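Structure, as structure tokens:
What follows draws every value from the coordinates through simple rules; no lab data is involved. Being a predicted model, the structure only gives us computed values, none of them experimental. In this analysis, Cβ positions are derived from the backbone assuming ideal geometry, glycine residues included, and neighbour counts consider all displayed protein chains.
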Ligand SMILES: N[C@@H](CCC(=O)N[C@@H](CS)C(=O)NCC(=O)O)C(=O)O
């Protein structure tokens, strides 16, 4: 039995963050992914995490860790520290801020996805969808103006890559148009990041 259990779905972009991080740090063998369905009232996820959200990481002693940011920090600790979250303040806060941008793109993407999934056209709020799309557009512009690292794979790069991957998978926005620098960064990241293909949403 694996040492840790990761409750997630294979489509969850937030769940992809720890799956990618584990691949980057060489921890994948120590983690078993056990699918979770947050809509299923009978799924033990709600007893493991009162928020009923994925990803949730279960440790051998029964401790549950969430959310994705906490899990990534825990993996970094297991790997000796400073591998995903640098210790020095300048690099540390830059990495955490980039993670916040990537997570923010994901938050807005998930809200857009749920709005279209749950509300038929008459109830659907185009204003809400545009509001969320505005956040994504501004964040993507910022990333195009200053793309993430070409060599590091820290929490920020992981979060941004999961965000871009999810847009492609679920929203189908043409985010690459007018953002060649970010598009190029993502393509190169996909080629150099361990576990990128294996963790692709499906
Ligand atoms: N801030 C959380 C967000 C996690 C999240 O929103 N996960 C989604 C799936 S991608 C979820 O569990 N949604 C179900 C719900 O919110 O009830 C994290 O970083 O882990």
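Counting every C-alpha pair in the range 4-78, the share spaced more than 14 angstrom apart comes to 54%.
From the alpha carbon centroid of the range 141-178 to that of the range 11-88 is 21 Å. Calculated mean residue ellipticity at 222 nm for the chain: -16500 deg cm²/dmol, from DSSP H runs with n ≥ 4 weighted as -39500 (n - 2.57), summed, divided by the residue count and rounded to 500. Taking the range 53-71 and a reference point 7 angstrom along Cα→Cβ of residue 32, the backbone N atoms nearer than 14 Å belong to 58-62.
Between residue 2 and residue 128, full extension at 0.36 nm per residue minus the direct alpha carbon distance yields a gain of 41.2 nm. Each residue in 193, 162 was given a count of other beta-carbon atoms within 10 angstrom of its own, and listing them fewest first yields 193, 162.
Taking the fewest neighbouring Cβ atoms within 10 Å as the starting point, the ordered list for 75, 186 is 186, 75.
Each of 38, 93 has some number of other Cβ atoms within 10 Å of its Cβ, and from fewest to most they run 93, 38. On the principal axes of its alpha carbon atoms, the range 89-192 extends 46, 28, 20 Å, with the longest extent given first. Computed with the Debye formula from one identical point scatterer per Cα of the chain, without solvent, the log10 of I(q)/I(0) at q = 0.11, 0.15, 0.18 Å⁻¹ comes to -0.51, -0.94, -1.30.
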